[in-house]
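Below is one structure, written out as structure tokens; comments come after it.
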Amino acid sequence: MLPSKDTRIISEIKDFFTTSEKAVETIIQIARSLTIRKNLFQTQDKNNTCYSNTTKLLLLLFFPFFEVKDSWHYSSSVLYKFVGCGKDVFYRMLNDCYLAWRNIHYRLTLQLIKKTAERSDTAQQGYRCLIVDDTDLPKTGLRIELIGRVFSHVTHKSILAFKGLFVGYHDGKSFFAVDFSLHGEKGKNQKKPYGMTSKESRERYHKKRSAEHPGQVRVSEYARSKISRMMDMIRLAITQGIRFDYLLVDSWFTCYELVHFIVTRRMGCHFLGMIKAGKTLYGWGGKQLTSSQIVDELRRKRKTKRSKLLSCFYGEAMVDFKGMQVKLFFCKTSHKGKWHGLMTTNTRLSFEEAYKIYSTRWTIEVFFKEAKQHLGLGKCQSQDFDAQIASTTLCMLQYNLLSVAKRFTGYETTGELFRQAQADTLELTLNERIWLIIVQIVTQIAELLETDAELLMQNLISENEKLSKMLNFNSFRQAG
């Protein structure tokens, strides 16, 4: 359990709240139940400081719940009354390249996942899914270490940012962020690698690290391909004891290497992801055909059907994908709509079940939106890359705390979770809510507008600020 000093601090903080602020109290109780040992940090506390790493970590985790914007504003917050340390105490911890933030995150997140499993009815659990996706983390400082320009699929232009590759775990009811890496895009212009001129590259912050430092490991991930990093993170998740039924990805990540990687696992998991209507060939009916050609053949042979439950047209085909037997599903929401494809290695899966399972992938999009809006994901402007890693890890841990609090208390939204409990909370699980939203709203709107349902959903949940202001996202704002 926590050392006595840190337990006392949490107790003092807890006493500050009135009984009406039960949400924060719940979060504090969950944090207090975590086992945080000194060896978690894999480094010794400095002799010249009176604050342990455990104390500093807990305070950093509580920042958003006490409306502390960042370390600079700590001295003016209510937390300062209980732990009167200066901002440099936190800066030193965030910039410390010796701290293994990935290990810290896994050790705490696995405890949170275990807590939810112990209090859950396994008979009512849905499919366990590992979900992978990337998102833009825009920055404003040209001197941030390793910063570069990346192409944003939201704004369709080059922006100054990191690409964050995230792995999440959905246990059937709640979403947990489990791992991430920050990447850049070198681009084809050799004179401006990562979109930076020679002068801009020289003026970026630089920091010396030894090869054995955990911070250097994270730096080395920056230039690696996202596919290889994804497989490494999935492999690590399995090693850490996370078991899942399906890996869910969008069309940007579906490739032979990833599908083959999942097929060769010995834990009975399957791949389920979108496919592009590209030039990839599949063996079907003794021919090598593209996905578009397979759709044309299904339509010609009248093997497409209509799902009354989903209000869409669909077809399916068992194909050979470079020596692997996979099933392809194709669907569209209207007669004039565009066909979209799903691939799964579970050849016994029906279309409606595959559609339902794949809808769980949107929980990671909800995580991106909630974490950016409420927890400051990607808002760190420190020049030190170690601080960027630490800040992102803290956001993930804070979200996971909220996810458990939501699971235990039934609060509706992340924004209201630590300020007030909502009355008349809808007691559906997150998976069921998103399922109902997709089926009842998106497909109907897409059919009425004769547009593409996948593109419509992407616009609704992406970081599109204009749409966020126009639409009410309360039904999406939940922590798990």
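Here, each number is a calculation from the coordinates, and none is a lab measurement. Because the structure is predicted, anything quoted here is derived from the model rather than measured. Methodologically, a virtual Cβ is constructed for each residue, glycine included, from the backbone with ideal geometry; neighbour enumeration extends over all protein chains shown.
Multiplying the residue separation of residue 263 and residue 238 by 0.36 nm and removing their Cα-Cα distance gives an extension gain of 7.6 nm. Equivalent ellipsoid of the range 114-270: semi-axes from √(5λ) of the C-alpha gyration tensor, largest first, are 34, 17, 15 Å.
Among 274, 318, the order by Cβ neighbours within 10 angstrom, fewest to most, reads 318, 274.
The HN-Hα couplings worked out from phi for the range 300-317 by the Karplus form 6.51 cos²θ - 1.76 cosθ + 1.60 (θ = phi - 60°) are 5, 8, 6, 9, 8, 10, 10, 9, 5, 5, 9, 6, 8, 9, 8, x, 9, 8 Hz, whole numbers, x standing for Gly and Pro. Straight-line cross-link partners of residue 157 among the lysines, defined as a Cα under 17 Å from its Cα and at least 8 positions apart when in the same chain: 139, 186, 188, 192, 466.
In the range 259-351, inverting the average of 1/r over every pair of distinct C-alpha atoms gives 13.8 Å as the Kirkwood radius.
For the range 229-312, the Kirkwood radius over C-alpha pairs fed into Stokes-Einstein at 4 °C and 1.567 mPa s yields D = 85 µm² per second.
Cross-linked pairs 115/163; 114/173; 287/327; 69/369; 191/379: Cα-Cα separations exceed 24 Å for 115/163; 191/379. Compute the signed sum of charges (Lys and Arg +1, Asp and Glu -1) over the other residues within less than 11 Å, Cβ to Cβ, of residue 193. For residues surrounding residue 193, the net value is +3. More than 21 Å apart: what percent of Cα pairs in the range 52-160 qualify? Summing the P(r) of the range 52-160 above 21 Å gives 62 percent of all pairs. Here the residues 150, 132, ranked from fewest to most Cβ neighbours within 10 Å of their Cβ, fall in the order 150, 132. Look at the dipole of the range 84-146 built from charges on Cβ: of 97, 111, 132, the Cα furthest out on the positive end belongs to 111. Two numbers describe the Cα atoms of the range 96-142: Rg and Dmax, which are 16.6, 52 Å. For the range 333-341, the Karplus equation 6.51 cos²θ - 1.76 cosθ + 1.60, evaluated at θ = phi - 60°, returns couplings of 8, 8, 4, 9, x, 8, 6, 10, x Hz by residue, with Gly and Pro reported as x.
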